[in-house]
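K.L.:
Let me begin by handing over the structure; questions about it come next.
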Amino acid sequence: MIGTKKISWVKRIAVTLIALTPLFILSGCGSSGTDTSGGTGAVSGVITDTSGNPIEGATVVAGSNSPTAITDKDGNFTIAGVPAGQVSMNTITPGYNTNHFTVTVAANSTTTIGAPIHLPDVDDMGNAPQITNASAAFSISNGAFAVTATINATTNLTVTDARAELVGYGIGSVMTASGSIYTANITLPGSFVGPSAVIKIFAIDSKGRVGVKVLVIAVPGGSGTGSFNGTTLDGSWGGSAKYHHASLGGGDLFGDKRHANVSLSVSGSTVTGTTATINIEPFMPASGWGVTTSSFTGTSTLIDASMGLYRVTSSFNPSSSRTVNLDLIGKLDSATAPSSFVGYFEATIIDTSPSVTTVLLGQFSLKNNLTWSDSDLDGNWVWSEFIKTSSINMTYTKPFQFNSSLMATSGSFNGTNTLGYTLSTTTNFSMIDSSVGLFGGTVSSSDGSSTTFVGLLGPYKQHVTGLFTVSSGGNSAYGSFWGSKIATPPHFKTADFGEVRFDGMLIPSIWRGVYVVTAGPKNGQTCFLSLWTDSTGAVVGGKILPIPLIGTGCPAVSPFTTGSLMFTNATDGEVSGSASDGTTTFIMAPSSSRNASMGVYKARLIGDFSVNNGSSTDTGFFFLQRVFIE
């Protein structure tokens, strides 16, 4: 969010809690040899989020000379030209914390990382490093780009790494800092075709958050001749753009991951299309939140005829008070039979009433000739529903997250939720606009409420995201939801409390976040909370700590020495348990509360709690996210 940021208590926490990242040592996994005395090798692997979903369009950087690769639609990457020996690597993409790991690379062979490299979500993207005044002037005389940018981290944080890469060619450079001015030189390789080059600038702060700026630079003399041409992108395309949205501030405490679906028709340089966007903004009344479809026209440009890099740009007006400037830069998977177009995007949304400018960064994945239908909704689902604002007391009070386990057949969704209620369809779920995967429907609950969902089905038809409205007794609660299709229920298992390391070993998970006291002696306090849990659900560590300004009265507990967590329902992810240091006990989902649950992506633990120190009890809401280091 630019121009009208609200500094919520979550963002103040962000400058207090500094996240470290792990260091993994990999010794030639999958290599055919062990020679590290010189030369170069390759490194391959897969990048996912903390729930195991692949991240497409992420950049993986190896060593100080920055050979790079971009993950494909399945999160796979291979970096060639990596110096043999021990090499430090970074995985970098907006909306996720960066992950550092070290690989021992064997010469003349490929080192395969045996397990996925996980990137934890970032809930406060508004505090990622800001990159401005970026340029990359090309000099014909020395055949190099002079890259420069102004990079600033947020208060009390520092920029720990800044790099520039020539996208598609696997080369780049660490940037040198002089105050807030960062510079680098990138020499154009002999294999360059053009006619233009994509320069991507990354900045990583001391919390591991990533800021990104992408430049497209015309290169005089570039032949523009290769396997790809100006019509290779022709055809019909459909899919999703994935991004993170900062918290709304005020009563909305946490950011969320969102999708915007898009359909494109490309003919030469002419593009027509439709977007479907989830509109949940702090300056909109909750009753006005919705999924908006907009038609647009734009331009397609071939960037690099050898790499299959293309750019799609458009400026359009979804309403009289909103302008969207859209810029997609991606790579085709084939010059002869392209089936996927994957890359990253930047969207600048300019609202005039009120005056707000929002910049969104993320990844997109489009498939050739993709269509959606009602039958795509059939199957077993688990959805996580997060209440952002509410006029309903008790059960649906904000903020709160609960899960629903649903079985869908021919538009009828039936199941249960972690609140303990039975769900049944009152209005069948169906496609509202099949060209962009927009669907909707309504379920009734055994507590007498009804919930209307409007959402987007992803390009692989395995994930949904959208918004919901709960209606009960003339009052309403509003929020966002996201979910996954489950091949074989139950979706959750006890081992999900642990973490699978890169070598396949089970290690404890670290869950870090806060709890907010809403009743008790410390009412209004926000306290730091962490839990360490192993693959049996046993609590093996963690702490409670005061937070300056917003949680000075919190107890100091370090570490938890006993306790355990368990799934009370492995189908929908309902969780209960406790942790104690012998004096203070944290109880997850106490008997008088609503519930607690693990999010469908297995990256969050959220729900009601109580904390008892032997003489008094506080109750409220907690939010924990799976991270690498406390």
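K.L.:
What single numbered condition from (1) open to solvent by 10 Å² or more (accessible area, probe 1.4 Å); (2) modelled with pLDDT of 95 or more; (3) closer than 28 Å to P399 by Cα fails to hold for N261?
P.N.:
(1)
K.L.:
Scan the range 590-613 and tell me whether some residue there is at pLDDT 95 or above, among the β-branched types (V, I, T) and under 16 Å from N403 (Cα atoms).
P.N.:
Checked against the condition, which is being at pLDDT 95 or above, among the β-branched types (V, I, T) and under 16 Å from N403 (Cα atoms), the range 590-613 yields no hits at all.
K.L.:
Could you check the range 169-283 for strands (runs of 3 or more DSSP E) lying wholly inside it with 1 or more residues that are touching a strand residue (DSSP E or B) at 6+ places or on another chain (Cβ under 6 Å) and under 25 Å from T132 (Cα atoms)?
P.N.:
Correct list: 171-174, 176-178, 181-187, 196-205, 210-218, 235-245, 256-267.
K.L.:
Pairs only if they're at least six apart or on different chains, beta carbon under 7 angstrom, first in the range 345-364 and closer than 11 Å to R322 by Cβ and open to solvent by less than 50 Å² (accessible area, probe 1.4 Å), second outside any strand (DSSP E or B) and aliphatic (A, V, I, L, M); list them, first residue then second.
P.N.:
Going by the 7 Å Cβ cut-off, the qualifying pairs are T358/M1.
K.L.:
Considering only the range 579-607, state which residues are among the hydrophobic types (A, V, I, L, M, F, W, C) and either on the phi < 0 side of the Ramachandran plot or open to solvent by 40 Å² or more (accessible area, probe 1.4 Å) (or both).
P.N.:
Narrowing the range 579-607 to residues among the hydrophobic types (A, V, I, L, M, F, W, C): 579, 586-589, 596, 598, 600, 603, 605-606.
Of everything in the range 579-607, those that are among the hydrophobic types (A, V, I, L, M, F, W, C) and either on the phi < 0 side of the Ramachandran plot or open to solvent by 40 Å² or more (accessible area, probe 1.4 Å) (or both) turn out to be A579, F586, I587, M588, A596, M598, V600, A603, L605, I606.
Condition check ((1) open to solvent by 20 Å² or more (accessible area, probe 1.4 Å); (2) closer than 30 Å to V291 by Cα; (3) of a type in the set (S, T, N, Q)) across all residues:
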residue: T183; (1), (2), (3): yes, no, yes
residue: V210; (1), (2), (3): no, yes, no
residue: I217; (1), (2), (3): yes, no, no
residue: W237; (1), (2), (3): no, yes, no
residue: V266; (1), (2), (3): no, yes, no
residue: T274; (1), (2), (3): yes, yes, yes
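K.L.:
When you check Y169 against the structure, is it touching a residue at least 40 places away in the same chain (Cβ under 8 Å), aromatic (F, W, Y) and within 30 Å of R604 (Cβ to Cβ), yes or no?
P.N.:
For Y169, the condition - touching a residue at least 40 places away in the same chain (Cβ under 8 Å), aromatic (F, W, Y) and within 30 Å of R604 (Cβ to Cβ) - is not met.
K.L.:
Confirm whether T418 is on the phi < 0 side of the Ramachandran plot, open to solvent by less than 10 Å² (accessible area, probe 1.4 Å) and under 27 Å from the mean Cα position of the chain (by Cα).
P.N.:
Judged against the criteria, T418 is a match.
K.L.:
So, one more: Kindly check whether there is at least one residue in the range 218-239 that is of a type in the set (S, T, N, Q), touching a His at 6+ places or on another chain (Cβ under 7 Å) and in contact (Cβ under 8 Å) with a residue 12 or more places away in the chain.
P.N.:
Looking for residues that are of a type in the set (S, T, N, Q), touching a His at 6+ places or on another chain (Cβ under 7 Å) and in contact (Cβ under 8 Å) with a residue 12 or more places away in the chain, one finds none in the range 218-239, hence no.
K.L.:
Something else: Condition check: in a strand (DSSP E or B), within 20 Å of F386 (Cβ to Cβ) and of a type in the set (A, V, I, L, M, F, W, C). Does F622 satisfy that?
P.N.:
So F622 passes the test.
K.L.:
Under 7 Å between Cβ atoms, at least 6 apart or on separate chains: pull out the pairs that start in the range 74-86 with a residue that is farther than 18 Å from D49 by Cα and touching a residue at least 24 places away in the same chain (Cβ under 8 Å) and end on any residue that is in a strand (DSSP E or B) and open to solvent by 50 Å² or more (accessible area, probe 1.4 Å).
P.N.:
Filtered contacts from the range 74-86: G81/T40; V82/T40; P83/T40; A84/T40.
K.L.:
From V198, V167, which residue is touching a Lys or Arg at 6+ places or on another chain (Cβ under 6 Å) and open to solvent by less than 50 Å² (accessible area, probe 1.4 Å)?
P.N.:
Exactly one residue qualifies, and that residue is V167.
K.L.:
Hand me the list of strands (runs of 3 or more DSSP E) wholly inside the range 448-558 holding 3 or more residues that are open to solvent by less than 20 Å² (accessible area, probe 1.4 Å).
P.N.:
450-457, 463-472, 475-486, 506-519, 526-533, 539-545
K.L.:
Shifting gears a bit: Please go through the range 73-100 and pick out each residue that is part of a strand (DSSP E or B) and within 15 Å of the chain's Cα centre (by Cα).
P.N.:
Hits for the range 73-100 are T91, I92, Y96, N99.
K.L.:
Hey, any hits in the range 185-192 for a residue that's open to solvent by 10 Å² or more (accessible area, probe 1.4 Å) and under 18 Å from G63 (Cα atoms)? So that I can check it myself, show each step before the final result.
P.N.:
Start the filter on the range 185-192 by keeping residues that are open to solvent by 10 Å² or more (accessible area, probe 1.4 Å), which leaves 185, 187-192.
Among the residues that remain, those that are also under 18 Å from G63 (Cα atoms) are: 185, 187.
Within the range 185-192, one or more residues are open to solvent by 10 Å² or more (accessible area, probe 1.4 Å) and under 18 Å from G63 (Cα atoms).
K.L.:
Same structure again: Open to solvent by 10 Å² or more (accessible area, probe 1.4 Å) and of a type in the set (A, V, I, L, M, F, W, C), is that true of I140?
P.N.:
yes
K.L.:
Of all residues in the range 33-72 being farther than 21 Å from A115 by Cβ and outside any loop (DSSP other than H, G, I, E, B), which is modelled with the lowest pLDDT?
P.N.:
In this case the residue turns out to be T68.
K.L.:
Can I ask one more? Looking only at the range 516-547, which residues are of a type in the set (F, W, Y) and closer than 23 Å to S615 by Cα?
P.N.:
F528
K.L.:
Which condition number in (1) in contact (Cβ under 8 Å) with a residue 60 or more places away in the chain; (2) open to solvent by 50 Å² or more (accessible area, probe 1.4 Å) is the one that F567 fails?
P.N.:
(2)
K.L.:
Pull up the range 279-300, narrow it to residues that are touching a residue at least 40 places away in the same chain (Cβ under 8 Å) and of a type outside the set (A, V, I, L, M, F, W, C), then point me to the one that is surrounded by the most Cβ atoms within 10 Å (Cβ to Cβ). Let's see the steps before the verdict.
P.N.:
Here is the first cut: in the range 279-300, the ones touching a residue at least 40 places away in the same chain (Cβ under 8 Å) are 280-283, 286-287, 289-291, 293, 300.
Restricting the remaining residues to those that are of a type outside the set (A, V, I, L, M, F, W, C) gives 281-282, 287, 290, 293, 300.
Working: E281: 17, P282: 18, S287: 10, G290: 15, T293: 17, S300: 21.
It comes out as S300.
The values are calculated or read from the model by the stated rules, or taken from the named source; none is laboratory data. The shown structure was predicted, so the numbers you read here are calculated from the model rather than taken from an experiment. For neighbour counting, all protein chains shown are included, and Cβ atoms are generated from backbone atoms with ideal geometry for every residue, glycine included. Note: accessible area is taken over every heavy atom of the protein model, side chains too, but ligands, DNA and RNA are not part of it. Shrake-Rupley method; radii C 1.70, N 1.55, O 1.52, S 1.80 Å.
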